[in-house]
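**Student:** Let me begin by handing over the structure; questions about it come next.
Taken together, the values in this text are just the output of simple stated rules run on the coordinates, not laboratory data. Nothing here was measured: the structure is a model prediction, and the numbers come from that model. Heads up, the Cβs are rebuilt from the backbone with ideal geometry, glycines too, and the neighbour counts pull from every protein chain shown.
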Amino acid sequence: MRKVFTTGQVAKICKVAPRTVSKWFDSGRLKGYRIPGSQDRRIPRESLIQFLKEHGMPLGELEDDVLNKILLVGVDSTLTATLRQRLPEDDGFEFQIAESAFEAGVHAEGFHPDCIIIDTKIGRNEAVQIAQDLRKRPEHEDTILVALIGAEEMSEELLQKAGFNEVFRKPFDVTLLAERVRRLVAEKKNAI
């Protein structure tokens, strides 16, 4: 994950000429610094993201770094609504919903979630299969997997062997789930 960009790199991200980026920088609209003893400009990642958001420009390749993408598999609508409240879009969270193992696979490939929350009510075998399939793929080895299980359902050890990072046994505190997901995603983003 690049922390600082040149004007040429910013121009590519914004799909404008490098001279346009230099003008944004020189006018003070795009924050950054000059390399000492040189006219070269550098724009920190945070400044670029802020600039793009303020001007309603697409984040492009920075989107995966900015958005915290959560895929909910088999999660009921009440829990989904509560998670959306606790992990709002304003805080950079984006959700997609899957009702089956097949949909989960499709969304995992296209959406590239940071975290997948799977309710085992879709079927214990399906939940385990989703986790095992994802863990076989290099692009998903660091995807956070959270299982939601019923009070009398399978052992947590079985789920952790299948590749789940966290297991929440029902009934659980949704606020606690949301905060744990928030922390795990932040740790994942900082480790990259």
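**Student:** Sort largest first and round to whole Å: the equivalent ellipsoid semi-axes of the chain, each the square root of five times a Cα gyration tensor eigenvalue. Could you put the intermediate results ahead of the total?
**Tutor:** Details: eigenvalues 317, 50, 39 Å².
Calculated on Cα positions only, the semi-axes equal 40, 16, 14 Å.
**Student:** Still on this structure, I have one more. Distances longer than 17 Å among the Cα atoms of the range 4-62: what percent of all pairs is that?
**Tutor:** Details: 451 of 1711 pairs.
Of the Cα pairs, 26 percent sit more than 17 Å apart.
**Student:** Going by C-beta contacts inside 10 Å, put ASP90, ASP114 in order with the fewest on the left.
**Tutor:** Ascending number of Cβ neighbours within 10 Å: ASP90, ASP114.
**Student:** Let me ask another. Would you work out the relative contact order for the range 4-62, in percent, from Cα pairs under 8 angstrom that are 6 or more residues apart?
**Tutor:** Relative CO of the range 4-62 lands at 35 percent.
**Student:** Return LYS189, LYS53, LYS69 ranked ascending by Cβ neighbour count within 10 Å, so the fewest neighbours appear first.
**Tutor:** Ascending number of Cβ neighbours within 10 Å: LYS53, LYS189, LYS69.
**Student:** Next question, about the same structure. How far apart, in nm, are the 7 Å Cα→Cβ label points at ARG34 and THR80?
**Tutor:** Inter-label distance under the simple model: 5.3 nm.
**Student:** Tell me, what HN-Hα J-couplings in whole Hz come from the Karplus equation 6.51 cos²θ - 1.76 cosθ + 1.60 at θ = phi - 60° for each residue of the range 11-16, using x for Gly and Pro?
**Tutor:** Running phi through 6.51 cos²θ - 1.76 cosθ + 1.60 with θ = phi - 60° gives 4, 5, 4, 7, 6, 10 Hz.
**Student:** Please report GLU54, GLU166 as a ranked list, fewest other C-beta atoms within 10 angstrom at the top and most at the bottom. The partial results should precede the final answer.
**Tutor:** Numbers: GLU54 10, GLU166 18.
The order, fewest Cβ neighbours first, is GLU54, GLU166.
**Student:** Counting Lys and Arg as +1 and Asp and Glu as -1, each charge on the Cβ, what is the dipole of the chain about the Cα centre in debye, to the nearest 20?
**Tutor:** With only Lys, Arg, Asp and Glu charged at Cβ, the dipole is about 1200 debye.
**Student:** Can you spot the lysines whose alpha carbon is less than 29 Å from LYS170's alpha carbon? Ignore those fewer than 8 places along the same chain.
**Tutor:** LYS69, LYS121, LYS136, LYS161, LYS188, LYS189
**Student:** Averaging the inverse of every distinct alpha carbon separation and then flipping it gives the Kirkwood radius. What is it for the range 34-143, in angstrom units?
**Tutor:** Roughly 16.0 Å, rounded to one decimal.
**Student:** Along the charge dipole of the chain, pointing to its positive end and built from +1/-1 on Cβ of Lys, Arg, Asp and Glu, which listed residue (GLY56, ASN125, ILE149) has its Cα farthest out?
**Tutor:** The listed residue farthest towards the positive side: GLY56.
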